[in-house]
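S.K.: After the structure tokens below, expect a handful of questions from me.
Every read-out reported here was derived from the displayed coordinates using simple, explicitly stated rules and does not represent laboratory data. Worth saying up front: this structure is predicted, and the values here are computed from it rather than measured. Note that each Cβ is placed from the backbone with ideal geometry, even for glycine, and that neighbours are counted across all protein chains shown.
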Amino acid sequence: MFKKILAAINIHDRHVFEQALDLAKAHGASLMLLHVLSLDAEDDPSTSAYPASLGYFPELNSQIMSKYQERWKTREEEGIDLLRSLTEEATAAGIATEFSQNLGSPGKTICTIAKTWEADLIVLGRRGISGLEELFVGSSSSYVLHHAPCSVLVVQAA
């Protein structure tokens, strides 16, 4: 029986939230919603907004750094807004719910929060990468499966 369920959420993971919420209802568990801001993410503002070679052009560098900061702030706000909205939804369904947004490597951060919060189950999605891409980019779900301090449910998008 699960008492504490950690759901690792990103902007595209409504299905992960729904699965975690259903499990929390079925087991009478509390829910922690976690969003990890990562420099490794596909939508990381730095991947296209701050090319390293522009360090030689201070004025252009300043403009690009400003754009980078704006995009990063937008990502932070979108994450918090999503977490608040989902927390309100879960709370309205009678589930004790809290949330956290952290900066770091997704897999490591998920495992650390799960251990600290003493989660019984981690629910997360997968992007579906494999082969060479997984080798070079890494896989958060794979990392969590191998390092989690508790049971893990990986939810495939519908």
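S.K.: Scan around Lys3 for amide H atoms under 5 Å from its own, H built in the peptide plane at 1.01 Å from N, and keep only partners 5 or more places away or cross-chain.
M.R.: Those lying under 5 Å, H to H, from Lys3 are Asp120.
S.K.: In whole Hz, with x marking every Gly and Pro, tabulate ³J(HN,Hα) for segment 63-80 from phi via Karplus 6.51 cos²θ - 1.76 cosθ + 1.60, θ = phi - 60°.
M.R.: Working through the residues one at a time gives 5, 5, 4, 5, 4, 4, 5, 4, 5, 5, 4, 4, 4, 4, 5, 4, x, 5 Hz.
S.K.: Full-extension gain between Leu39 and His12, please, as 0.36 nm times their residue separation minus the C-alpha to C-alpha distance. Kindly include the intermediate steps, with their values, before the conclusion.
M.R.: Numbers: separation 27, 0.36 × 27 = 9.72 nm, distance 1.70 nm.
Taking 0.36 nm per residue and subtracting the Cα distance, the gain is 8.0 nm.
S.K.: Report the residues of segment 90-106 in range of a label on Ile80: point 7 Å along Cα→C-beta, backbone N strictly under 16 Å from it.
M.R.: Taking a point 7 Å out along Cα→Cβ of Ile80, the residues of segment 90-106 whose backbone N falls under 16 Å are 99-103.
S.K.: Which of the residue pairs Lys67/Lys108; Lys3/Lys25; Lys73/Lys115; Lys73/Lys108 have a Cα-Cα distance greater than 18 Å in the structure shown? Write out the running numbers ahead of the final one.
M.R.: On the way: Lys67/Lys108 28 Å; Lys3/Lys25 10 Å; Lys73/Lys115 28 Å; Lys73/Lys108 23 Å.
Listed pairs above 18 Å: Lys67/Lys108; Lys73/Lys115; Lys73/Lys108.
S.K.: Could you pull out every residue, at least 5 positions away or on a different chain, whose amide H is within less than 5 Å of the one on Ile9? Hs are placed 1.01 Å off N in the peptide plane, and Pro or chain starts have none.
M.R.: Residues meeting the criterion, in which the H sits 1.01 Å from N, are Leu34, His35, Val36.
S.K.: Roughly speaking, what is the stretch gain from Ser142 to Val154, that is 0.36 nm per residue apart minus the C-alpha to C-alpha distance, in nm to one decimal? Show your work: numbers first, answer last.
M.R.: On the way: separation 12, 0.36 × 12 = 4.32 nm, distance 0.94 nm.
Result for the pair: 3.4 nm of gain on full extension.
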